[in-house]
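See below for the structure under consideration.
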Amino acid sequence: MANSLKSAQFLMDSRMAGAAHGSAEACFELGVAYSCGTGGMPIDLVEAHKWFNLAARGGSEAGQSMRAEIAEEMTAREIAEAQRQARAWIVPTEVRAA
């Protein structure tokens, strides 16, 4: 179990680094991890929507599709929160990239 958690944490850390550098693929993979509970991660549809939204912003058609799919299971308030979190992520990462 400890190895599984370490592997999951490594996966998340590496995907976060990729997302911080604007990788739509890393954002998509984070969305999958949060929507499915990959590697023992808790399922969190707000986080998943946020990452799928960022993947879609980066041009990922799969991100667009998955964002729409999980939105069907979310309340309007949850979607609004996910969008707020995505916007909050965009500002600092764009400043770092400049």
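The values are calculated or read from the model by the stated rules, or taken from the named source; none is laboratory data. Treat the numbers as computed from the prediction; the structure is a model and nothing was measured. Note: ideal-geometry Cβ built from the backbone for every residue, glycine included; neighbour counts use all protein chains shown. Note: accessible area is taken over every heavy atom of the protein model, side chains too, but ligands, DNA and RNA are not part of it. Shrake-Rupley method; radii C 1.70, N 1.55, O 1.52, S 1.80 Å.
Looking only at residues in the stretch 19-62 that are open to solvent by 50 Å² or more (accessible area, probe 1.4 Å) and free of Cβ contacts under 8 Å to residues at least 12 places away in the same chain, which one is nearest to residue 89 (Cα to Cα)?
44
Table: residues versus (1) part of a helix (DSSP H, G or I); (2) in contact with a Pro (Cβ under 9 Å, 6 or more places away or on another chain).
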{"residue": "34", "(1), (2)": "yes, yes"}
{"residue": "42", "(1), (2)": "no, no"}
{"residue": "53", "(1), (2)": "yes, no"}
{"residue": "59", "(1), (2)": "no, no"}
{"residue": "77", "(1), (2)": "yes, no"}
{"residue": "82", "(1), (2)": "yes, no"}
{"residue": "90", "(1), (2)": "yes, no"}
